[in-house]
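What follows is one structure encoded as structure tokens, with my remarks underneath.
Rule-based calculations on the coordinates, nothing more; no lab input. Everything quoted here is computed from the prediction, not taken from an experiment. All Cβ positions, glycine included, derive from the backbone under ideal geometry; neighbour counts span all protein chains shown.
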Amino acid sequence: MSSFNFDVITLIPKAFELINNLGVITRALDKNLINVNLYDLREYGEGSYRQVDDKPYGGGSGMLLKPEPIFKAHYSIKKFTKSRTLLMTPQGKVLKQNDLMRWSSLDQLIIICGQYEGFDERVRCLADEEISIGDYVLSGGEIPAMSIINGLTRLLPGTLGDPASLFDESHNSSLLEYPQYTRPKIFNGMKVPDVLTSGNHEEIKLWREQKSLERTLDRKNNLNLKHENKK
Ligand code: SAH
């Protein structure tokens with residue numbers, strides 16, 4: 001089976017050292033299920049200073065990433081047949097589990113990370129999709145990119161120890177997962193529900209379905225559903 005390729009354009013490649021130490025990702029890298037290729041934006045910078053940013057036209061605070069280095073970096077990446085380019089931006093569509101599932105059948109995701117005040121507007125034309133990881137602003141696209149790499153990798157066949165653990169999970173069917181317990185049976189006076197220790201698989205299944213529904217109804221109003229119906 002061929003590997004899934006993540007090609008990331010970033011000013012801070014060092015940030016991605018972290019993903020080597022994240023359980024499932026470490027295993028996926030070891031088993032060659034994924035490749036993570038980093039493109040240091042600085043290397044595509046302009047002039048002897050390798051300039052990558054500049055002041056915004058019309059004034060305003062902060063610096064913007066210039067278009068040329070990002071276009072050069074993007075151009076230099078070998079493109080696979082099933083490939084998409086994602087731009088990390090707080091103005092994008094908020095990331096959902098469905099997006100990760102949709103992308104997991106591709107060969108490649110090219111991820112462009114911003115820094116400073118973001119990008120020159122013309123960078124947007126490189127992107128197939130603009131993605132936000134939530135309605136808040138971070139200082140760079142590296143943590144959003146790592147969220148995508150992490151969330152997508154655990155969906156790839158061969159990554160998780162037990163593939164069945166993907167099925168019941170929160171957000172898969174737009175239902176949240178039922179409450180789970182492990183040993184001990186009683187902890188600090190809090191007892192594991194009897195049904196779970198009953199050995200009655202039919203009842204356990206029903207209980208879980210019911211709890212999953214209750215939990216979803218109880219909490220969904222607080223989840224971000226704004227973009228649920230887009231695309
Ligand atoms: N001035 C910009 C924000 C810049 S934040 C604006 O108002 O849109 C700097 C960079 O961090 C962004 O270019 C983006 O790549 C990344 N970033 C910040 N918050 C993000 C989020 N919620 N989701 C995805 N990327 C984000």
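Quick notes on this structure:
- In a simple Cβ point-charge model (Lys, Arg +1; Asp, Glu -1; nothing else charged), the chain has a dipole of about 240 debye relative to its Cα centre.
- Paramagnetic reach from VAL137 (point 7 Å along Cα→Cβ, amide N under 17 Å) across segment 59-73: 59-65
- Loop-located chymotrypsin sites (Phe, Trp or Tyr not before Pro) in segment 137-208, at most 11 other Cβ atoms within 10 Å (DSSP): PHE167
- Net charge of Cβ neighbours under 14 Å - reference ARG50; Lys, Arg +1; Asp, Glu -1: -3
- Phi-based couplings in Hz for segment 31-37 (Karplus 6.51, -1.76, 1.60; Gly and Pro marked x): 8, 6, 6, 10, 10, 10, 9
- Against the chain, whose longest principal axis comes from its Cα atoms, helix 67-76 is set at around 70 degrees.
- Longest DSSP-loop-exposure-free segment, GluC sites (Glu not before Pro), the chain, at most 16 other Cβ within 10 Å: 1-116
- Computed from Cα atoms, the angle from the helix 201-220 axis to the main principal axis of the chain rounds to 50 degrees.
- Peptide ranges 193-200, 82-89 listed from the most packed, as the mean C-beta count within 10 angstrom indicates: 82-89, 193-200
- Helix 142-153 vs. the chain, principal-axis angle (Cα, 0 to 90°, nearest 10): 50
- Ordering THR81, ILE110, GLY59 by the projection of their Cα atoms onto the charge dipole of segment 4-153, which places +1 on the Cβ of Lys and Arg and -1 on the Cβ of Asp and Glu, puts THR81 at the extreme positive end.
- Selected from ASN172, ASN188, ASN32 as most flexible by GNM, with the chain as the system and alpha-carbon contacts under 10 Å: ASN188
- Cα gyration tensor category, rounded, prolate or oblate, for segment 35-123 with a/c compared to 1.5: oblate
- Qualifying aspartates and glutamates (Cα of each under 15 Å from Cα of LYS79; at least 8 residues distant if same chain): ASP7, ASP107, ASP128
- Label-point separation in nm, GLU43 to THR26, each point 7 Å along Cα→Cβ: 2.6
- Computed label-point distance, nm, for sites HIS201 and ARG84 using a 7 Å Cα→Cβ extension: 3.6
- Cα lying deepest toward the dipole's positive end in segment 4-153, options GLY45, ASN98, PRO144, charges on Cβ: ASN98
- Candidates SER132, SER76, SER105: whichever shows maximal mean-square fluctuation once the chain is modelled as a Gaussian network with Cα springs under 10 Å: SER76
- Among beta bridges identified by DSSP and lying wholly in segment 2-75, the antiparallel ones come to about 30 percent.
- Considering only ALA127, ALA15, ALA73, the mean-square fluctuation computed in a Gaussian network model of the chain, springs between alpha carbons under 10 angstrom, is largest for ALA15.
- Gain upon complete extension [GLU214, SER173; 0.36 nm per residue less C-alpha separation]: 13.3 nm
- Additional length obtainable on full extension of the chain from LEU166 to ASP54, 0.36 nm per residue less Cα span: 35.9 nm
- Relative contact order %, the chain, counting alpha carbon pairs below 8 Å whose residues are six or more apart: 20
- Segment LEU18-ASP107, length gained on full extension (0.36 nm per residue, minus Cα span): 29.8 nm
- Secondary structure note: in segment 4-153, about 10% of the DSSP beta bridges are antiparallel.
- Cross-link pairs LYS31/LYS93; LYS185/LYS211; LYS96/LYS220 - those with Cα-Cα distance over 21 Å: LYS31/LYS93
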